[in-house]
Amino acid sequence: MKGKFTLLLFSVTFLVFIYQIKTGELIGLNPSDLHYEDFIIYAFFHSSSAHLAFNLAALLFLGYYLEEKIGTEKFIVLFFITTIFAGIAYILLYPSADRSCVGLSGFIFGIVGGNIVAYKERYKNYFLLSALFYISFTVFLIYFDIVGNIAHAAHLGGFLIGAVLEMCYEKRKEGYVLMFLTLGSTIYLVIV
């Protein structure tokens, strides 16, 4: 069965939202109250039904094809690495935030980054321009602190690590170099 992890993730996220509605519990990634397990759990909770709907639609439309292209095992690794890294990016850029980061968006943007690399030959110019626009726009929003209630840092972190991870999957040297630099700089920022 193709896209089985995508469908499993869809189902689990939907069930967590039902749990969330019934209990009123919202577990997010909060810089002032960090727990290791929150670096994965936050992805399954959503701030509203619209937030959930957008993420699940994107997961189905984008995730299914990337999982089919790279395989389920690599897609599972992509989920864990982009989700954790998106959370780290959020914590690093908003260390004193008084709101929690929730949702699959970091992973969804990791899928977008992975798709740009995976389908680069087919949609070369369109994806490249889209990626450059998105990165520039997000950096602008973060730099000028035009955040609102959206975790732009998590989106950007997921996007970048998703693209880099797909480069590694394709065994491209620049992917390994970027992964090393990304992880090394993240570890440095966490320690310092």
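No value in this document is a laboratory result; all are computed from the given coordinates. What you see is a predicted model, and the numbers here were worked out from it, not measured in a lab. Here Cβ is always computed from backbone atoms with ideal geometry, including for glycine, and neighbour counts include all displayed protein chains.
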At R0 = 30 Å, FRET efficiency that the Cβ-Cβ distance of Ser32 and Ala57 yields, to 0.05: 0.40
For Cys101, distant residues with modelled amide H under 5 Å away: Leu29, Asn30
Förster radius 25 Å - calculated FRET efficiency between Ser48 and Leu7 (Cβ-Cβ, nearest 0.05): 0.65
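Using Cβ contacts closer than 10 Å as the measure, can you line up Glu166, Glu73 from fewest to most?
Numbers: Glu166 26, Glu73 10.
Fewest-to-most ranking of Glu166, Glu73: Glu73, Glu166.
Once R0 is set to 25 Å, what does the formula 1/(1 + (r/R0)^6) return for the Cβ-Cβ distance between Tyr19 and Asp98, expressed as a FRET efficiency to the nearest 0.05?
Values: r = 25 Å, r/R0 = 0.99.
So, using R0 = 25 Å, E works out to roughly 0.50.
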